[in-house]
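*Asks:* My questions all concern the structure below.
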């Protein structure tokens, strides 16, 4: 039976000069309203008060009536209302300890975007027209929308490389659980090899940023030589840097999408380690390599695809000694630095590949959790809505 899910379809589009100017004004107004509302919430927080959406919406109405902020009336009101809703969601995540305190948006570093609800756009016969615009957007339809799909929201964005994107949120009736199977796999992520599976298969780490390191370094040196300020030459140099990084990110995302799709299609249960990536990147020696590998993005993609297609994803406690535990006899080895890639068990004499052994142990722990649930306690909620699990195991591992 088909499972109806909300799915975003993202496309590039090429705006006319008039459309680009209108969207740029909208982005600026959205950023201004968000920052003003955040400042008002911060002031209320200092007085130990909370400001809800209705209050910020009333503030927006009052701001529009002032001479200083009258320009807010020149753009569609829907993106401005939506950014206030996003701010409330950010505060909800903060109070639930799922995210940090909301930060102010900065023109040069924040993502430029605006969200339109169905009352602020028209979508007919594959042509999308936004509020305050006379002509439809010139969208490059790289893949079709689900037949009969009607977008509920549309998000327009511009990245640092100057590329324009439109994301249409639709209900996709064709996403349905795959046929159940008995295959299960343990997945160990790493730097030498991006993935090591419990089957013994290893996936090489493409190291996209490392392979292209000279190009962004050269572009960054050229940017640093430009005069400070908002001059045309500095903007062009900044755009060149952004394009190089966008290309690297696109290639990384493409590889991760293909890997996660294959893993979800070939396995019913997928077991990973609940790594604290945000903490690990504080290690300055490893931060660049970890970001380049994209561990956090890999987990995020795997989670939502497993949820879509009826697969089970299990996250084993990060303190589980998967590398030091012999997958044959269960003996626990002594301290094992990262430089040790193979080791021999003192209990049974089995020679282990460090990563394959870790993947096999993760699989065994994950299957034990899914079958009997013994020795398990709830952990934080994952972004996909599933509960990760912790296995009661020794909590010492270098």
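Nothing in this text is a laboratory measurement; each read-out follows from the coordinates by a stated rule. Because the structure is predicted, anything quoted here is derived from the model rather than measured. With ideal geometry, Cβ positions are generated from the backbone for all residues, glycine too; neighbour counts draw on all protein chains shown.
*Asks:* Arranged from highest to lowest average of other beta-carbon atoms within 10 Å per residue, in what order do the peptides 74-87, 210-223, 351-364 appear?
*Replies:* Peptide ranking by packing, descending: 351-364, 74-87, 210-223.
*Asks:* For helix 214-224, report the angle its Cα long axis makes with the longest principal axis of the Cα atoms of the chain; keep it between 0 and 90° and round to the nearest 10°.
*Replies:* Helix 214-224 and the main axis of the chain meet at about 40 degrees.
*Asks:* Give, in nm to one decimal, the length gained when the segment between residue 281 and residue 232 is fully stretched (0.36 nm per residue of separation minus the Cα-Cα distance).
*Replies:* 14.2 nm
*Asks:* Using helices alone, I'd like the mean residue ellipticity at 222 nm for the chain: each DSSP H run of four-plus residues gives -39500 (n - 2.57), total over residue count, nearest 500.
*Replies:* For the chain, the value works out to -13000 deg cm²/dmol.
*Asks:* Calculate the length of the line joining the C-alpha centroid of region 330-347 to that of region 190-223, in whole Å.
*Replies:* 27 Å
*Asks:* Shifting gears a bit: Which shape class, rounded, prolate or oblate, goes with region 234-290 when its Cα gyration tensor gives a ≥ b ≥ c as root eigenvalues, a/c under 1.5 marks rounded, and past that a/b bigger than b/c marks prolate?
*Replies:* Oblate, since a/c reaches 1.5 and b/c is not below a/b.
*Asks:* Please work out the C-alpha center-to-center distance from region 119-177 to region 91-114 and express it in whole Å.
*Replies:* 24 Å
*Asks:* Give me the number: length gained by fully extending residue 132 to residue 174, i.e. 0.36 nm times residue separation minus the C-alpha to C-alpha distance, one decimal in nm.
*Replies:* Length difference between fully extended and current span is 11.8 nm.
*Asks:* Another question, if that's okay. Could you tell me the relative contact order of region 215-320? Use alpha-carbon pairs under 8 Å, at least six residues apart, and round to a whole percent. Walk me through the numbers before you get to the answer.
*Replies:* Details: 81 pairs, mean separation 30.9, N = 106.
Relative contact order, region 215-320: 29 percent.
*Asks:* Please give the contour-minus-distance gain from residue 95 to residue 71: 0.36 nm per residue of separation, less the Cα-Cα distance, rounded to one decimal in nm.
*Replies:* Working: separation 24, 0.36 × 24 = 8.64 nm, distance 3.32 nm.
Here the answer is 5.3 nm.
*Asks:* Using Cα pairs closer than 8 Å and at least 6 residues apart in sequence, work out the relative contact order for the chain, in percent. Can you show the working numbers first?
*Replies:* On the way: 593 pairs, mean separation 61.7, N = 398.
This gives 16 percent for the chain.
*Asks:* Once Rh is set to the Kirkwood radius over Cα pairs, what Stokes-Einstein translational diffusion coefficient, in µm²/s, holds for region 5-172 at a temperature of 25 °C and a viscosity of 0.890 mPa s?
*Replies:* Value of D from the Cα-based Kirkwood radius: 143 µm²/s.
*Asks:* Continuing with the same structure: Nearest 10 degrees, 0 to 90: what angle lies between the long axis of helix 77-95 and the longest principal axis of the chain (Cα atoms)?
*Replies:* The angle comes out at about 30 degrees.
*Asks:* Using alpha-carbon positions, what is the distance between the centroids of region 1-67 and region 250-280, in Å?
*Replies:* Using only Cα atoms, the two centres lie 32 Å from each other.
*Asks:* Once region 255-327 is represented by equal point scatterers at the alpha-carbon sites, with solvent omitted, what log10 I(q)/I(0) does the Debye formula produce at q = 0.17 Å⁻¹?
*Replies:* -0.74
*Asks:* Tell me the label only: which of [x] 21.0; [y] 24.1; [z] 19.6 is mean projected area of the Cα convex hull in nm² as calculated from this structure?
*Replies:* The listed entry that was calculated here is [y].
*Asks:* Turning to a different aspect of this structure: Angle, helix 354-372 long axis vs. longest principal axis of the chain, Cα atoms, 0 to 90°, nearest 10?
*Replies:* Rounded to the nearest ten degrees, it is 80.
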